[in-house]
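The values are calculated or read from the model by the stated rules, or taken from the named source; none is laboratory data. Small disclaimer: the values here were computed from a predicted structure and weren't measured. Here the Cβ is made from the backbone with ideal geometry for all residues, glycine too, and neighbour counts use every protein chain on show. The accessibility values were calculated without ligands, DNA or RNA, using every heavy atom of the protein model including side chains. Shrake-Rupley method; radii C 1.70, N 1.55, O 1.52, S 1.80 Å.
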Amino acid sequence: MLSEFMREVELAPISDAEARNAATRQIQRLSLYCWDVDGAIAAIAGHAPVVTTGAIVIGRVGPVYTPSNNRRRGFGSAVTAHVTRHLIERGARVMLFTDAANPTSNSIYQAIGYRLVDELIEMRFEGS
């Protein structure tokens, strides 16, 4: 699912072996969660290492991914809410990055309790 996520969000592609290794490391660190339905993984959500700066603890949710055949069933929402709760219970202020052009994921995040705080723009300059 991690390699599918990377392709879908148009990040640098990774091989299935690299994705498996990354997932294994995250699971060992207890920072990748899987939503299981009848013995099969239906969705995943993870979080980056928690960062403490002064008195502020920050947790960033991601990646969040649900394969297309499992979408619109609440699996992604459930696992994202679980990871969010986990970080809040650790005392973190929780954030996530989302694609502003994806109304489905944004409505899910708002239903969980996220709110838009800021927007970032990615720019790529080519040539000279």
Exercise for review: Test Thr53 against the stated conditions and say whether it is at pLDDT 90 or above and either closer than 22 Å to Leu116 by Cα or open to solvent by 30 Å² or more (accessible area, probe 1.4 Å) (or both).
Suggested key: yes
Review point. Among the residues of segment 75-128, how many are at pLDDT below 95, under 12 Å from the mean Cα position of the chain (by Cα), part of a helix (DSSP H, G or I) and closer than 28 Å to Gly54 by Cβ?
Key: 1
Study note, to complete from the structure: Counted residues in segment 37-63 being without any contact (Cβ under 8 Å) to a residue 12 or more places away in the chain and in contact with a strand residue (DSSP E or B) (Cβ under 7 Å, 6 or more places away or on another chain) come to 1
Review point. Could you say whether any residue in segment 49-70 is within 19 Å of Gln110 (Cβ to Cβ) and not in a strand (DSSP E or B)?
Key: yes
Exercise for review: Name the residue, out of Val83, Val79, Val9, that is open to solvent by 20 Å² or more (accessible area, probe 1.4 Å) and among the aliphatic types (A, V, I, L, M).
Suggested key: Val9
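How many residues, within segment 58-76, are of a type in the set (Ser, Thr, Tyr) and open to solvent by 60 Å² or more (accessible area, probe 1.4 Å)?
As a first pass, look at segment 58-76 and keep what is of a type in the set (Ser, Thr, Tyr): 65-66, 68.
If we keep only those that are open to solvent by 60 Å² or more (accessible area, probe 1.4 Å) too, we end up with 68.
Number satisfying all stated conditions: 1.
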